[in-house]
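Everything on this sheet refers to the single structure shown next.
The values are calculated or read from the model by the stated rules, or taken from the named source; none is laboratory data. Everything numeric in this text was worked out from a predicted model, so none of it was measured. Quick reminder, even Gly has a Cβ in these numbers, built from the backbone with ideal geometry, and neighbours come from all protein chains shown. Protein only, heavy atoms only, side chains kept; ligands, DNA and RNA dropped before computing areas. Shrake-Rupley method; radii C 1.70, N 1.55, O 1.52, S 1.80 Å.
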Amino acid sequence: MGRVTTPPPGENPNNGFPAQQTGSPIKQAGVPVSQFAPPNYHQANVNLSIGTPWRTGLFDCQEDQTNAVMTAILPCLTFGQISEVMDEGEMTCPLGSFIYLLMMPALCSQWVMGSKYREKIRRRFNLVEAPYSDCITHVFCSCCALCQEYRELKARNLDPSLGWNGILAQRQGQYEIEAPPNQYMSK
């Protein structure tokens, strides 16, 4: 028992591999395959459906009809509003709108910018990449994707229609109402 035998030259039941007798344990030797995996290999292959769900669905455009109509007519304006909020005022709404507008007829590549900002929103709020990948969503459903992103920001008290300065002013107004009066201020 425990011996490995080789069949006679005429017989080849295991395609040339030695046959192990029954009853003997199989010993595996060598290096685990995962040792040869590139860095971050296991992190890169994590299920993409991890995260919190979007507050509204991709095709729930009727929830904000004003935004839906505006996005259907001028998707570049909705993108500009989203980009201003996500970049915290670094990219203004007119600049974002202009870039998106230039990419539409020139290269039909506005989906590149749209999918990048969708990814920014997902990462910032830990949202699931669903129902499709960011790229596919913006290639085939760009208006619906922009509307969903707009509604998501609005639901998180970052109303894109106010712009970044409007959001800051709104927050400042809330703090002034909630803050107690300063007793050390002179009259």
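Which of the helices (runs of 4 or more DSSP H) contained wholly in region 57-166 include at least 2 residues that are open to solvent by less than 30 Å² (accessible area, probe 1.4 Å) and free of Cβ contacts under 8 Å to residues at least 60 places away in the same chain? Let's see the steps before the verdict.
Working: elements: 65-73, 75-86, 93-107, 110-125, 134-140, 142-155.
Of the helices (runs of 4 or more DSSP H) lying wholly inside region 57-166, those with at least 2 residues that are open to solvent by less than 30 Å² (accessible area, probe 1.4 Å) and free of Cβ contacts under 8 Å to residues at least 60 places away in the same chain span 75-86, 93-107, 110-125, 134-140.
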>> Which numbered condition in (1) more than 24 Å from C135 (Cβ to Cβ); (2) at pLDDT below 95 is the only one that V69 fails?
In response: (2)
